[in-house]
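Chemist: Can you keep this structure in mind? I'll have questions shortly.
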């Protein structure tokens, strides 16, 4: 597990965080530092170990298919950064960009 | 200030020696004046408190039995309480009012507890000093030049400064245990899945747990007994009958085996701290316990493991903060830009760091080497604990390597992460774990004695045993009471 | 995008083989959403079927809907899919305004079903099949509408409005292998999926309501080529007809591109109903890094093989199996068989009546004939009308035994449709039995011959129509009960 230098801009894009050039450099250094610390994990022999999926051993937790009470729309939209009528409004979506 | 334990207040209100309303009315003026110095609270819930107090008094009068009748509690601001501003210490939720109440909080209210207010915290529970809050500063009541610990700094300080009888914190890698140690109070994190996470704003889903801060172990036990148990709104909450704890507190430790971890040798922590813990272990023996050396060979990988898994989970959990449905919005020329601007303005640096590292650890090409590897290391750590518990009933160690440090002492992120060294491994294994005051030391360059905490951890679902043992130690040593709380100067 | 590319001659098109893979999303029919208790129902005032969970409010947690999991398993079993003993949910991470958490809870590497085969048939009777890669369970997104562009499209819009009523509705994603070769096959495949899902009552499968949405991956290659061509993903088809048109249009477009020396670009293309063409939605294929990881807010599913076996045993016969039996064993036309299986209750009614009569042709004629007509007229389903398969069987038996004639049979059916009961009893009670007794018939014949001398003359003069008329008259005086065949014979004999 090499201490790769992270492509901070690419990762920030995936995470939808706008960063200044200074921030890119700053976080890049800090994250590189952290990665070199976590690199210690490569010392562990985990070849025959299963990844922990869940600490608790529960299985099959589910609920019955019964409809319940919903939130009041007025209360919901009151907390919206921008509501228009009965809807949440967002700036234009550019097609094909996710 | 609150002079009595939760147990005593509940008894007083239940027998109508005093009323819930009187209790809360007497408390608020103190909270308001002391908080100018301490800064435990981000918001106070006066109206709600008074209205609930009146209801509790009516219920008590009608003969209802309420285990927490009239007990003032502070709630960490990452827990939803309907009608209250719930911020997670972040600008991105600075004005968000929650439309619902989380299960753990609701159970306490149903049992008669009175919410005093919402407490300060490291932003989104990421931090070990409360310095990462974007909305306020909380000071350690024992030395206001020092941090209260984190991320549940406000909740720890509130109980320490007697601004509440009980408070709720959340613990992911140590965020209850470390501030409890720094603030001379009891802080308890139950087994993962024992207390519902519904209504707890998620940081790391497979690690987060809600737990109490209190003056005594008995109070923590009472709070846990009310809060714990399966919740159909949380699929990770365990469907297993709750073993109550408050009626099973021990007077001594005869027959108890205490594991002392070879890898957690306190000789590395300097002579005064070393002496303090050696005394703590000796005190356990005096109560009849046997000390057993145990090994946790993978404990040293705890921080690396944690700082891959927790950020990975949080990078997805925090994706919902995007300016669309609630919270802060900073506009952009299109929606994706709006996301980027909103999140850049709304999140602080530590949060951004963790989102970045978490996104990276999950990303294509790195997922196996980082995230999966860390989850495998986690399995090994849990196995080590299981093996250690074959020869002991409880593991004892420091809760933190130092007492509370000064503000700005740890500017390097990694040095801050090291504060969770002792608490993280237990979190990764999901174990129930607590910190109980075990004395004080003069920190280097410090003029005041600062408290330290003894961490006790037990096997999964062994809360009854854990709290029983902690209670015996606490009653025999009374360390919390021995350290005087300084006068809180009004600013 | 000009139409020139579509002007490719049939000869040229015939050189190529199209390879089509269909992917569809089917909304499950449940009372509540996949991970919360909000109602799952089409329509309704925007943003009223929402809660902290499906709005992704801070602190909310998902809890899976048991019925959705069962539906999913039954749907997979109906296509012969493998149901694993262990399954889980995963997070698929990307940012989009109609997806509240900015990750979707879905299934990545351990879906609830693997494999399976969808059998289908075309109008000409040829049969085919398409393998399924998998069907998995996930949650639907909210719906966005776009304003400011004048036509509701995203392109050129200045803002969008989001309704989260649909966010969190349970969704089956069905991924088909690229076994399909024509637009006809694609539609037949979809129709087979629809029939089974409707039969199992796991979904309404209505494209116009959005409970079925599909995308088609289309590529072409010369016949005999070993490699697949570059594929384009076609989206935005909102009826089976537009699926057909879009696939044909895209096949022709791709062939046109290749024939004119170009290369097909791997991209997503949207179908435009009004222009009848596909247009590119992205200039280059964006590789999405979805950063899948197991959903930590949910626990895995361990499926009990005995329970799965019980679900499998309880499945009704598949429409494809029925269709094959109707065509191959009973000799029905493809269209007749399709009409029967398109509605499972009709098929069940039919099967029951056949069980009782062993006369599939007769039953089919009545079911698709008189009964379907009555169904249309009264706006009642055949299986909901009062006439039981048993009563129909009785009518057919009586016809066969010549106890009644076909006109009486029609009358009886119409009466039973409303009143129910036994056909035999009705015929007896109302005296509807066919008259076949020669003496009685002779009486009617005499009456008619006496009253219609002209017609008798006409017949003797060679006009066959006159006979028909006379037969009709006998039927009239006998109030329809005379045995028409015997009447005709008797008249011939007498004249």
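The values are calculated or read from the model by the stated rules, or taken from the named source; none is laboratory data. What you see is a predicted model, and the numbers here were worked out from it, not measured in a lab. Glycine gets a Cβ as well: all are built from the backbone with ideal geometry, and neighbour counts include every protein chain shown.
Chemist: Determine, yes or no, whether residue C:122 is in contact with a helix residue (DSSP H, G or I) (Cβ under 6 Å, 6 or more places away or on another chain) and within 14 Å of chain A (Cβ to nearest Cβ).
Modeler: no
Chemist: Can you give me the ranges of the helices (runs of 4 or more DSSP H) entirely in the stretch B:285-374 with at least 3 residues that are under 22 Å from the mean Cα position of the chain (by Cα)?
Modeler: In the stretch B:285-374, B:302-317, B:349-362 are the helices (runs of 4 or more DSSP H) which contain 3 or more residues that are under 22 Å from the mean Cα position of the chain (by Cα).
Chemist: Kindly evaluate residue C:70 against the criterion of being surrounded by fewer than 23 Cβ atoms within 10 Å (Cβ to Cβ), under 22 Å from the mean Cα position of the chain (by Cα), touching a residue at least 60 places away in the same chain (Cβ under 8 Å) and within 11 Å of chain A (Cβ to nearest Cβ).
Modeler: yes
Chemist: Look at the stretch A:44-71 and say how many of its residues are more than 8 Å from chain C (Cβ to nearest Cβ) and modelled with pLDDT of 95 or more.
Modeler: 0
Chemist: A further question on this structure: Given the stretch C:316-389, what helices (runs of 4 or more DSSP H) lie entirely inside it while holding 3 or more residues that are in contact with a helix residue (DSSP H, G or I) (Cβ under 8 Å, 6 or more places away or on another chain) and touching a residue at least 40 places away in the same chain (Cβ under 8 Å)?
Modeler: Filter on the stretch C:316-389 gives C:319-324, C:334-341, C:344-357.
Chemist: Would you please name the residue that is surrounded by the most Cβ atoms within 10 Å (Cβ to Cβ), looking only at residues in the stretch C:125-172 that are more than 22 Å from residue C:73 (Cα to Cα) and touching a helix residue (DSSP H, G or I) at 6+ places or on another chain (Cβ under 6 Å)?
Modeler: Here the answer is C:128.
Chemist: Which condition from (1) at pLDDT 95 or above; (2) more than 30 Å from residue B:372 (Cα to Cα); (3) assigned by TED's automatic domain parsing to the domain that holds residue C:195 is the one that residue C:312 breaks?
Modeler: Just one mismatch for residue C:312, condition (3).
Chemist: Among the residues of the stretch B:414-446, what is the count of those that are in contact with a strand residue (DSSP E or B) (Cβ under 8 Å, 6 or more places away or on another chain) and in a loop (DSSP other than H, G, I, E, B)?
Modeler: Counting residues in the stretch B:414-446 that are in contact with a strand residue (DSSP E or B) (Cβ under 8 Å, 6 or more places away or on another chain) and in a loop (DSSP other than H, G, I, E, B) gives 7.
Chemist: I've got another one for you. Taking the stretch B:155-177, which residues are assigned to a helix (DSSP H, G or I) and under 10 Å from the mean Cα position of the chain (by Cα)?
Modeler: Matches in the stretch B:155-177: B:155, B:156, B:177.
Chemist: Look at the stretch A:72-84 and say how many of its residues are without any contact (Cβ under 8 Å) to a residue 12 or more places away in the chain and within 8 Å of chain C (Cβ to nearest Cβ).
Modeler: Number of matching residues: 3.
Chemist: On the basis of being touching a residue at least 40 places away in the same chain (Cβ under 8 Å), out of contact with any helix residue (DSSP H, G or I) (no Cβ under 9 Å at 6 or more places or on another chain), crowded, with 22+ Cβ neighbours inside 10 Å and within 14 Å of another protein chain (Cβ to nearest Cβ), does residue B:335 make the cut?
Modeler: no
Chemist: Right, here's the next one. Mind listing whichever residues of the stretch B:63-84 are away from chain C (no Cβ under 12 Å) and surrounded by fewer than 19 Cβ atoms within 10 Å (Cβ to Cβ)?
Modeler: The answer is B:63, B:64, B:65, B:83.
Chemist: Kindly provide the set of residues from the stretch A:31-50 that are without any contact (Cβ under 8 Å) to a residue 12 or more places away in the chain and surrounded by fewer than 17 Cβ atoms within 10 Å (Cβ to Cβ), ordered by number.
Modeler: Within the stretch A:31-50, A:33, A:37, A:40, A:43, A:45, A:47, A:48, A:49, A:50 meet the criteria.
Chemist: If we scan the stretch B:244-259, do we find a residue that is closer than 18 Å to residue B:469 by Cβ, in contact with a helix residue (DSSP H, G or I) (Cβ under 8 Å, 6 or more places away or on another chain) and not in a loop (DSSP other than H, G, I, E, B)?
Modeler: So far as the stretch B:244-259 goes, yes, one or more of its residues are closer than 18 Å to residue B:469 by Cβ, in contact with a helix residue (DSSP H, G or I) (Cβ under 8 Å, 6 or more places away or on another chain) and not in a loop (DSSP other than H, G, I, E, B).
Chemist: Suppose we filter the stretch A:60-98 for residues that are out of contact with any strand residue (DSSP E or B) (no Cβ under 8 Å at 6 or more places or on another chain), within 19 Å of residue C:159 (Cα to Cα) and buried (at least 16 other Cβ atoms within 10 Å of the Cβ); how many remain?
Modeler: 1
Chemist: Restricting to the stretch C:8-62, count the residues that are farther than 30 Å from residue B:106 by Cβ, in a loop (DSSP other than H, G, I, E, B) and in contact with a helix residue (DSSP H, G or I) (Cβ under 6 Å, 6 or more places away or on another chain).
Modeler: So the answer is 3.
Chemist: Scan B:385, B:405 and give me the residue that is within 26 Å of residue B:428 (Cβ to Cβ), touching a residue at least 40 places away in the same chain (Cβ under 8 Å) and in the same structural domain as residue B:182 (by TED's automatic domain parsing).
Modeler: Every option except B:405 fails the conditions.
Chemist: In addition: Within the stretch B:339-352, take every residue that is crowded, with 24+ Cβ neighbours inside 10 Å and closer than 20 Å to residue A:94 by Cα and give me the one that is farthest from the other protein chains (Cβ to nearest Cβ).
Modeler: The extreme case among them is B:342.
Chemist: Just one of the numbered conditions (1) farther than 19 Å from residue B:81 by Cα; (2) crowded, with 24+ Cβ neighbours inside 10 Å is not true of residue B:169; which one?
Modeler: Going through (1) farther than 19 Å from residue B:81 by Cα; (2) crowded, with 24+ Cβ neighbours inside 10 Å one by one, residue B:169 breaks only (1).
Chemist: While we're on this one: How many residues are more than 17 Å from residue B:174 (Cα to Cα) and in a loop (DSSP other than H, G, I, E, B) if we restrict to the stretch B:460-489?
Modeler: 10
This table checks each residue for (1) part of a loop (DSSP other than H, G, I, E, B); (2) farther than 20 Å from residue B:220 by Cβ; (3) within 14 Å of chain C (Cβ to nearest Cβ); (4) modelled with pLDDT under 95.
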site	(1), (2), (3), (4)
B:107	no, no, no, no
B:129	yes, yes, no, no
B:134	yes, yes, no, no
B:151	yes, no, no, no
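Chemist: Looking at residue B:232, is it free of Cβ contacts under 8 Å to residues at least 40 places away in the same chain, out of contact with any strand residue (DSSP E or B) (no Cβ under 7 Å at 6 or more places or on another chain) and either outside the structural domain of residue B:455 (by TED's automatic domain parsing) or not in a helix (DSSP H, G or I) (or both)?
Modeler: No: the conditions fail for residue B:232.
Chemist: Filtering the stretch C:94-113 down to residues that are in contact with a helix residue (DSSP H, G or I) (Cβ under 8 Å, 6 or more places away or on another chain) and more than 18 Å from residue C:55 (Cβ to Cβ), which residue is farthest from the other protein chains (Cβ to nearest Cβ)?
Modeler: Filtering the stretch C:94-113 for residues that are in contact with a helix residue (DSSP H, G or I) (Cβ under 8 Å, 6 or more places away or on another chain) and more than 18 Å from residue C:55 (Cβ to Cβ), the one farthest from the other protein chains (Cβ to nearest Cβ) comes out as C:113.
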